Amino acid sequence: MAKIINEINNILLPRVCFGCNAQLFRDEHVLCAVCRHDVPLNDYNYLEENAVDRIFYGRIPIKKAASFVFFSKNGLIKSLLFWLKYKNQEQIGGFIWDCCGAQLKESGQLGQIDAVVPVPLHPKKLKSGATIK
Ligand SMILES: [Zn+2]
């Protein structure tokens, strides 16, 4: 019965890709297979020194900084962050964690991490429509 309700729900309210708006298949979540393949992952987490480390040199005392993806002005990651931050699409946070968490697990650095710092939300952006739960 639940399967039938889900199928009806998918017809009435189809789940779509946050990257390209294509309808998602049953096993897809957040992004379609094409967009998932296009996530601009980087290897900074595996490098001893990387571009993110260099941003913080001499500014604050950190042991390691990294990013998992490249950000571009009109790119897929910008779109995902927009939906996550301003449209309350919390499932995107889980998707991002699934992608990045897998990299962290592979790197063996999980035991060395004291804190994960999210990208902060500027007060002006918060006022413009974002909500905090
Ligand atoms: Zn897509």
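The values are calculated or read from the model by the stated rules, or taken from the named source; none is laboratory data. Since the model is a prediction, treat every value here as computed from it, not as a measurement. Ideal geometry is used to build each Cβ from the backbone, glycine not excepted, and the neighbour counts take in all protein chains shown. The area values use the complete protein model at the heavy-atom level, side chains included, leaving out ligands, DNA and RNA. Shrake-Rupley method; radii C 1.70, N 1.55, O 1.52, S 1.80 Å.
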Item to check | Sole exception among (1) open to solvent by less than 60 Å² (accessible area, probe 1.4 Å); (2) out of contact with any Leu (no Cβ under 9 Å at 6 or more places or on another chain); (3) assigned to a loop (DSSP other than H, G, I, E, B) for R26, by number | outcome: (1)
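Given the structure, is K63 modelled with pLDDT under 85, among the basic types (K, R), surrounded by fewer than 16 Cβ atoms within 10 Å (Cβ to Cβ) and in a loop (DSSP other than H, G, I, E, B)?
Working: modelled with pLDDT under 85: yes; among the basic types (K, R): yes; surrounded by fewer than 16 Cβ atoms within 10 Å (Cβ to Cβ): yes; in a loop (DSSP other than H, G, I, E, B): yes.
Yes; evaluated as a whole, the condition is true for this residue.
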Checklist entry - Out of the residues in the range 1-32 that are within 28 Å of S107 (Cβ to Cβ) and among the charged types (D, E, K, R), which is nearest to the ligand (Cβ to nearest atom)? => result E28
Checklist entry - Is it true that some residue in the range 33-47 is open to solvent by less than 90 Å² (accessible area, probe 1.4 Å), assigned to a helix (DSSP H, G or I), within 16 Å of the ligand (Cβ to nearest atom) and hydroxyl-bearing (S, T, Y)? => result no
Checklist entry - Only one of V69, V30 is out of contact with any Lys or Arg (no Cβ under 7 Å at 6 or more places or on another chain) and in contact (Cβ under 8 Å) with a residue 40 or more places away in the chain; which? => result V30
